[in-house]
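Participant: First the structure, which I've put down as structure tokens, then a few questions once you've had a look.
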Amino acid sequence: MQTKPPLSFDEFFDYAHYPSLSFSPTGKYLLIHTSRPLWNSNSFENSLWLYEIENQQKKLITRKLFGAFKPQWSPSGSWIVLLLDENSDINAKNANHLSNIEQRIYLFSIESNELLPIGIGATIPLTITWSEDDSALYFTALTSWPTKDEDDLDETEWKDVIQYRKPKTKQGSTIYRIDIDMKNQISPTKIEIIRNVSFLIGELLFVPSEQKLILTSITDILEKLDNNEIYSIDLQNVSSLVQLTYNEAIERDLQLSSNGKQILFQVFTLSSSNGKFNDTQLRLYSVDITNGQIERLGNDFDGNIVGYTTKTDGSIYILGQWGTDVQIYSQQSSMDNSIQHRGWSGTYESIAVSRSSNQNCSIAFIYSSLRTPKEVYCVDNIDQLASANAITNENGLWTQRILPESKNFYWESDEDNRTIEGILHYPPGQFESTNLPLFLLIHGGPYDASLNHLQGNGYFWAPLAALNGWLVLEPNYRGSTGYGDQFLSEVRYQPIIRPGIDILSGVDRLIRDGIADPSRLAIGGYSYGGVLTNWLITQTTRFNAAVSGAGAAEHVSTWGIMDWPIHINYLMGGFPWEVPDVYQNSGPVYYLDRVRTPTHLVTGANDVRVPPAQSYILERGLHSLGVPVQLLIFPNEGHSVINSNEPWYGKIKVREELKWLQQYGHQSWIKTK
């Protein structure tokens, strides 16, 4: 009997993702976006495929899709609007030259299989939506204008000094309309300005029945949330800008209801600037465009709503996370209970529904589990999810390789006996073995969770660590999503100490049960997982090695310079001067003299979420104390180094972290120095 070879390091990172999929209005086609790394060019290939439902074949539209924009079907289904990545050779240092480059929006013709460019000058489109038919598009672009007192500023007096919070120009958005003559595509398109708004637009949606544009406002720095809301513009009176929400949260994923009267949207809360709202898991709401009435959908579901789609009969499908699984639920109306549709254990995502019934493919979704790589599936009936067929095979190699075996693991927190869940990944051939070296891999957030899925990148690398001989525990500590709002909120006022107790309790349980070898322990995490790693190595010397990414060392300075200070305010329970003890008592830098764990650090040079100064502080402190430490800095990268446009960064990160674990993880540095 031929045995499978184990998945290699390079194969792990050669993983394809599916950022989006959508049915055509006619139901004849499914649009699939794939993304995979190109190592020779250190970039990602974003491809767009047209899958024909009837003959079950797909054809390539382009391999140069601009990955940040989701392609959209025209109302008739005859065209697809998309953006191409035509500036991929321009690096971050020269990004300002984009303002001088001719920009284009592209239309793909289903009939002729041609990509038709529409020149829009030097304006860079940020969001696009179709009008009521195929003859026009609306798009938004960043704009700026001088402040009122700019002319009063004396250039000879101020030179190039910057007055913080008094910029010479203010930023906002301009909304444009493009009229397209589909019968005479050679003729120039007509572009007109609809209006300017004084904020950045995150999403744009057209409502045919009301002749309105719906848009979300966003900000670069979240000091308060009352400027993140949903607005409408009446195209019969474009001077009218109506605010539809006042929930002081981040709204996203706008979708139009089947009757064209409601806008559905997800809400991500980061507390309220006036105390009206508390942090919750992701929720789903609708707002009536005609009267402003807001309803919560899926309100009987206690978990985390990570996605949804609308159906032609007015009902919805919800992707709900409970524990480590994401399953599909349906709800007929806001007055009805949600119904779970049984399928495979694992994670469903990006669900799409056809407007017409097609044999074999009326519902499409992306699915993966810890034993099944991510692919696109089709099914005709929601109650036959377990019979769904894969229509892609981008990650087929993974099915030909040995993968770690995993299981859910439960323990009680030593603080209050709260039940905590995590995922255990065993090295191949050692499922449920004992006395194994343990690597603790902590997810970020804290409003996130380790799930039953396969990803294949520098953040979700637990399977790769298991393939390298480690028993890996991914703990869903207090503050994680998928366990109810109360579980999530229990992280407040003790945002570091309480999760730390939850996590160490899990390690203790594994040692008591004889599963983990207490002399071979290691720890790591990224973002909030990095913060917790930094904290825990100051509280115990049991870990032989630590690999920390983009984690804070001192919370007051993090609050002062990060882009989401409101998040720290809420977690800590107030501003630094209101609860100074909470900030200091959970700050790793104040306990660095206790550290005996060799620590590997990574950070993005342009990170504004957890600025690189935090990693510099930690590195300098550990270096001064004589503790082995290494810091890697990724140039031109922000917080998401692992999800950047340069795939080598995530690969280098994990490569060096595995080396660090191998060098230090199997014996105590204290005993060997």
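Participant: With the cut-off at 24 Å, tell me which of the pairs Lys58/Lys374; Lys407/Lys651; Lys183/Lys311; Lys64/Lys374; Lys190/Lys212; Lys64/Lys212 have Cα atoms farther apart than that.
Facilitator: Lys407/Lys651; Lys183/Lys311; Lys64/Lys212
Participant: Answer with one residue from Thr481, Thr533, Pro598: the one whose Cα lies farthest towards the positive end of the charge dipole of the range 404-672, charges on Cβ with Lys, Arg +1 and Asp, Glu -1.
Facilitator: Pro598
Participant: Going 7 Å from the Cα of Gln56 in the Cα-to-Cβ direction, what parts of the range 344-370 have a backbone nitrogen less than 17 Å from that spot?
Facilitator: What the label zone holds, given the 17 Å backbone N cut-off, is 358-365.
Participant: Relative contact order for the range 404-672: what is it in percent, counting Cα pairs under 8 Å that are at least 6 residues apart? Walk me through the numbers before you get to the answer.
Facilitator: Numbers: 579 pairs, mean separation 48.8, N = 269.
18 percent.
Participant: While we're here: With a point put 7 Å past each Cα toward its Cβ, work out how far Asp133 is from Tyr590 in nm, to one decimal.
Facilitator: Modelled inter-label distance: 6.8 nm.
Participant: Can you give me the long-range amide H partners of Thr392? Hydrogens built in the peptide plane at 1.01 Å from N, cutoff under 5 Å, separation of 5 or more residues or another chain.
Facilitator: Val376
Participant: What number do you get for the range 404-672 when its Cα radius of gyration is normalised by 2.2 N^0.38 Å, N = residues?
Facilitator: Here the Cα radius of gyration is 0.93 times the empirical estimate.
Participant: For Ile124 and Asn636, FRET efficiency with R0 = 22 Å and r from the beta-carbon atoms, rounded to 0.05?
Facilitator: Efficiency, from the Cβ-Cβ distance: 0.70.
Participant: Relative contact order of the chain: what whole-number percent is it, with Cα pairs under 8 angstrom and at least 6 residues apart?
Facilitator: Details: 1592 pairs, mean separation 59.5, N = 673.
9 percent.
Participant: About the Cα centre of the chain, what is the dipole size in debye to 20, counting +1 per Lys and Arg Cβ and -1 per Asp and Glu Cβ, all else neutral?
Facilitator: My answer is approximately 1460 debye.
Participant: How much length is gained if the chain between Ala68 and Gln163 is pulled fully straight, taking 0.36 nm per residue apart and subtracting their Cα-Cα distance, in nm to one decimal?
Facilitator: 30.9 nm
Participant: Multiply the residue separation of Glu415 and Gln243 by 0.36 nm, subtract the distance between their alpha-carbon atoms, and state the gained length in nm to one decimal.
Facilitator: Contour length minus Cα-Cα distance gives 57.4 nm.
Participant: Another question, if that's okay. Points 7 angstrom from Cα along the Cβ direction at Arg371 and Gln400: gap in nanometres?
Facilitator: That separation, rounded to one decimal, is 2.1 nm.
Participant: Rounded to the nearest 500 deg cm²/dmol, what is the calculated helix-only ellipticity per residue at 222 nm for the chain, with -39500 (n - 2.57) per DSSP H run of length n ≥ 4?
Facilitator: My calculation for the chain gives -4000 deg cm²/dmol from helical runs alone.
Participant: FRET efficiency for Phe575 and Gln340, Cβ-Cβ distance as r, R0 = 41 Å, nearest 0.05?
Facilitator: 0.45
Participant: Also: Could you work out how much longer the chain between Glu210 and Asn408 gets when fully extended? Use 0.36 nm per residue separation minus the Cα distance between them, nm to one decimal. Please list the in-between numbers first.
Facilitator: Numbers: separation 198, 0.36 × 198 = 71.28 nm, distance 4.91 nm.
In short, 66.4 nm is gained.
Participant: Quick one: of the DSSP bridges fully inside the chain, what percent are antiparallel, nearest 5?
Facilitator: Antiparallel bridges make up about 85 percent of those DSSP assigns within the chain.
Participant: What FRET efficiency would be calculated for the residue pair Ile652, Glu102, taking the C-beta separation as r and a Förster radius of 35 Å, to the nearest 0.05? Please list the in-between numbers first.
Facilitator: Working: r = 35 Å, r/R0 = 1.01.
Once the sixth-power term is evaluated, E becomes 0.50.
Participant: Moving to a separate point now. Within a Cβ distance under 11 Å of Pro37, other residues only, what is the Lys/Arg minus Asp/Glu net charge?
Facilitator: Cβ neighbours under 11 Å give a net charge of -2.
Participant: Here's something else I'd like to know. Tally the DSSP beta bridges in the range 404-672 and give the antiparallel ones as a percent, rounded to 5.
Facilitator: Numbers: 13 of 37 bridges.
So the antiparallel bridges in the range 404-672 amount to around 35 percent.
Participant: Moving on to the next point. From the P(r) of the chain, can you give the percent of Cα pairs sitting at distances over 35 Å?
Facilitator: Across the chain, Cα pairs with separations above 35 Å total 46 percent.
Participant: Given +1 on the Cβ of Lys and Arg, -1 on the Cβ of Asp and Glu, and no further charges, what dipole in debye does the range 404-672 carry about its Cα centre, rounded to the nearest 20?
Facilitator: 660 debye
Participant: Might you report the magnitude of the Cβ-based charge dipole of the range 544-622 about its Cα centre, with Lys and Arg at +1 and Asp and Glu at -1, to the nearest 20 debye?
Facilitator: Details: 4 positive and 7 negative charges, 48 e Å.
Dipole about the Cα centre, nearest 20: 240 debye.
Participant: Next question, about the same structure. In degrees from 0 to 90, rounded to the nearest 10, what is the angle of the helix 613-624 Cα long axis to the longest principal axis of the chain?
Facilitator: 20 degrees
Any read-out appearing in this document is the output of simple, stated calculations on the displayed coordinates, not a laboratory observation. Being a predicted model, the structure only gives us computed values, none of them experimental. All Cβ positions, glycine included, derive from the backbone under ideal geometry; neighbour counts span all protein chains shown.
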